[in-house]
Each structure stands twice: as C-alpha cells, then as structure tokens.
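The values are calculated or read from the model by the stated rules, or taken from the named source; none is laboratory data. Since the structure is predicted, the reported quantities are computational estimates derived from the model, not experimental observations. Backbone-built Cβ (ideal geometry, glycine too); neighbour counts: all protein chains shown. These accessible areas exclude ligands, DNA and RNA; they are computed on the full protein's heavy atoms, side chains included. Shrake-Rupley method; radii C 1.70, N 1.55, O 1.52, S 1.80 Å.
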Amino acid sequence: MGAMGNIGLQLVTILLQLFVYILMLRFLLQLSRADFYNPVTQSVVKATNPLVAPLQGILRPLGRFDIATLAAAFIVVSLALVAIGALFGGMLPIGFIALTALGTMLDSIINIYFFALIAMIILSWVAPQANHPGAILVHQLVDPIMKPVRKVIPSIGMLDLSPIFVFIALNLIGSLVSQTLPTIGMLRSVFG
C-alpha cells in the first residue's frame, strides 16, 4: 500500500473512531438521563440517527440502556475491522472482531468520561455557575459516576477530591480492558 493509501486509511479510521465516540456519547447521554432538548444532545442524536433510528425499530431500549446505539457502534467497528482485514489480504477471525469491537466501545466510554471529567474540573475553576448548554451537559454526563464517589469521599473545604479517585478508577478499568483484550493495543495502532 502506497503513501496515499496509508493516508486514506488513517483518514477513514479517524472518521470511524470519531463516529464511534459520538455513538458512545449518545449512549452515555441517555444512560445519564441528560436533557434531551439540550442543543448539544440534539446534535449528537441528529448525527447518529441515520444509523441508530432503523435499529431502534428492532432493538428496544432496556430502561436507560439504548441497545440500538450499542449495536450501531458494534456494527461500525466490526465492519471497519472486516474492511481493514480485507485491505491487508485476509479475513480476521470473528471472535477477534467481536472482542475488539466491544473493547473499542468500552475504551471509547472510558475516554469520554476522562475528557468530560477534565472539562468538569476546568469549568469548576473558570466558570462554576456556567449555564452554557455544553457545560450543563458535561455536568449531567459526569454526575452519575461522581455521586457515589462523593458520598464516600466528602469535600475538604472547597476542595473536591472525588475526581482524583474517579480518574484512578477509570485508569484501572482502562488497564484491565487493555490487558484482558490485547486487541485494543493493536486497534489503537490502526485507529489511533
């Protein structure tokens, strides 16, 4: 494969990874019961509806778990892996594809929470009372994972230490995923 082919492959994989992140963000927004009428949420839903809406007719949500969005992300990653395998002259094993798709989805969720926590911390310093739709959405997204930790680790004066423990937990889960599913490392080299 020539230089242009490598650039094209990297561009396609970046776009696919971005779409998987948007799908996982949609899943997390529904899971955290974020405001559906928030303009950011509406944009995420609009961007993912072409793939998710047809699946929602088949796969109904289980409570707050949007199975159709998870299935859409699984399909996108699986098809990308099949295409990459075909591009390099072979068919990847089905088990490899399934585990890598699941690992990629979980990795995306961990990264979304990681960056949302960073955004939440920055917002608490520079605009603690921000009412921008993006700021509100960040808090709605992060609150479900922060509340249980805040119950155990109370604030010390005005200093909230709970994000540190959530970062540690996310890193441990991410390490566990990488060690349990070694395909994540390979996928990061392809999708990264």
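Side notes on the structure shown:
- For the stretch 88-126, residues that are loosely packed, with under 14 Cβ neighbours inside 10 Å, among the aliphatic types (A, V, I, L, M) and assigned to a loop (DSSP other than H, G, I, E, B) total 1.
- Residue match in the stretch 131-149 (condition: on the phi > 0 side of the Ramachandran plot and outside any helix (DSSP H, G or I)): no
- Only listed residue being open to solvent by 40 Å² or more (accessible area, probe 1.4 Å) and in contact with an Asp or Glu (Cβ under 7 Å, 6 or more places away or on another chain), chosen from Gln129, Gln140: Gln140
- Complete set of residues in the stretch 140-162 that are over 21 Å from Arg33 (Cβ atoms) and either among the hydrophobic types (A, V, I, L, M, F, W, C) or modelled with pLDDT of 85 or more (or both): Val152, Ile153, Ile156, Met158, Leu159, Leu161
- Consider the stretch 61-87 and keep the residues that are in contact (Cβ under 8 Å) with a residue 24 or more places away in the chain, assigned to a loop (DSSP other than H, G, I, E, B) and more than 18 Å from Leu102 (Cβ to Cβ). The one that is most open to solvent (accessible area, probe 1.4 Å) is Arg64.
- Matching residues in the stretch 32-60 - criterion: being exposed (fewer than 12 other Cβ atoms within 10 Å of the Cβ) and among the hydrophobic types (A, V, I, L, M, F, W, C): Phe36, Ile58
- Taking every residue in the stretch 11-35 that is farther than 12 Å from Val52 by Cβ and pairing it with any residue that is of a type in the set (Phe, Trp, Tyr), at least 6 positions away or on another chain, the pairs with Cβ-Cβ distances below 8 Å are Thr13/Phe191; Ile14/Phe191; Leu16/Phe191; Gln17/Phe191; Leu28/Tyr113; Leu31/Phe65.
- Pairs meeting the criteria (first residue in the stretch 135-151 and under 12 Å from Leu29 (Cβ atoms), second residue crowded, with 16+ Cβ neighbours inside 10 Å and β-branched (Val, Ile, Thr), beta carbons under 8 Å, at least 6 apart or on different chains) are Leu137/Val40; Leu137/Thr41; Leu141/Ile112.
- Residue match in the stretch 7-22 (condition: within 24 Å of Pro133 (Cβ to Cβ) and β-branched (Val, Ile, Thr)): yes
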